[in-house]
Amino acid sequence: MSGALTPTCAKCPFEEKERACRRKGGKAPAFCPTKRMEAEIEKAAEAYLKPETFEFARQASIQEASCYINRDQKPFVRHPVKPRLQEISEFAARMGYKRLGLAFCAGLFKEASVFSAYLERCGFEVVSVVCKVGCTSKEHIGITAAEKVCVGEQPEAMCSPIAQAIILNESKTDFNILLGLCVGHDSLFFKHASAPTTVFAVKDRVTGHNPLAAIYTIDSYYERFKK
Ligand code: SF4
């Protein structure tokens with residue numbers, strides 16, 4: 001699949017309420033995957049019916065709705081009330097998880113400490129593993145002196161998301177939570193973790209870990225990303 005028929009929902013020209021993915025018989029551009037990829041969508045629908053996936057998806061959907069109040073009012077006006085830390089805790093409780101894995105970045109030690117304490121107050125057992133676990137040298141993955149964060153021959157420990165995943169796997173966590181892992185490190189964690197994983201926050205060094213700040217200000221201070 002290529003060119004004009006490649007799914008590009010991010011370029012959908014229609015109003016949200018009119019779209020084929022929001023109402024049956026709605027409008028769809030030529031590249032619309034709702035219209036063009038019925039076999040794949042059917043395959044996904046079947047995947048939800050596997051018992052282990054069915055309950056996970058069902059609880060995630062119930063949790064999503066529970067993040068709003070006044071849902072019985074017509075017209076419904078979205079009024080969300082739960083920050084993500086609460087959403088994660090409630091979802092984990094809905095699923096009956098007891099043991100949570102927290103894979104966090106060394107640069108967010110304080111945040112990890114606060115979040116871990118919150119989860120424990122909610123009744124979970126928390127296994128937390130920092131990215132630098134093992135103190136494996138960056139030379140192990142071929143990093144040169146010039147490629148270190150702090151350029152030079154001095155030792156620099158690599159982030160080891162694979163070690164984080166393996167340790168959480170060995171710890172038999174029911175559910176994992178990422179906090180502040182770097183781009184790519186998070187990908188390796190996802191690939192090697194056994195338990196399902198969600199993300200509390202992603203790493204963004206210049207926006208206080210709020211990467212959308214660059215999008216929200218793209219017409220002003222981050223204008224350079226449009227050039
Ligand atoms: S699924 Fe179709 S209608 Fe919905 S956003 Fe994508 S292109 Fe637009």
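The values are calculated or read from the model by the stated rules, or taken from the named source; none is laboratory data. All values derive from a computational prediction rather than experimental measurement. In this analysis, Cβ positions are derived from the backbone assuming ideal geometry, glycine residues included, and neighbour counts consider all displayed protein chains.
Of note:
- Of all residues in the stretch 38-77 being more than 21 Å from the chain's Cα centre (by Cα) and among the aliphatic types (A, V, I, L, M), the one that is nearest to ALA93 (Cα to Cα): ILE69
- At least 1 residues being within 14 Å of the ligand (Cβ to nearest atom) is the threshold, and among the helices (runs of 4 or more DSSP H) wholly inside the stretch 1-67 those reaching it are 33-36, 38-48.
- Close pairs (8 angstrom Cβ cut-off, 6 or more residues apart or separate chains): under 9 Å from CYS67 (Cβ atoms) in the stretch 81-92, part of a loop (DSSP other than H, G, I, E, B) anywhere: VAL81/CYS67; VAL81/ILE69; LYS82/CYS67; GLU87/CYS67; GLU90/LYS82
- Considered as a group, the residues in the stretch 87-107 that are under 18 Å from the mean Cα position of the chain (by Cα) and part of a strand (DSSP E or B) include one that is farthest from GLY180 (Cα to Cα), and that residue is LEU100.
- Any chance ALA39 is modelled with pLDDT of 95 or more and aliphatic (A, V, I, L, M): yes
- Filtering SER160, SER171 for residues that are farther than 19 Å from PHE109 by Cβ, out of contact with any helix residue (DSSP H, G or I) (no Cβ under 8 Å at 6 or more places or on another chain) and not basic (Lys, Arg) leaves a single hit, SER171.
- Pairs meeting the criteria (first residue in the stretch 1-20 and within 11 Å of PRO33 (Cα to Cα), second residue of a type in the set (Lys, Arg), beta carbons under 6 Å, at least 6 apart or on different chains) are ALA20/LYS35.
- Total residues in the stretch 72-92 satisfying the condition of being surrounded by fewer than 12 Cβ atoms within 10 Å (Cβ to Cβ) and not hydrophobic (A, V, I, L, M, F, W, C): the figure is 8.
- When residues of the stretch 93-125 are limited to those that are in contact (Cβ under 8 Å) with a residue 40 or more places away in the chain and of a type in the set (Lys, Arg), the one surrounded by the fewest Cβ atoms within 10 Å (Cβ to Cβ): LYS98
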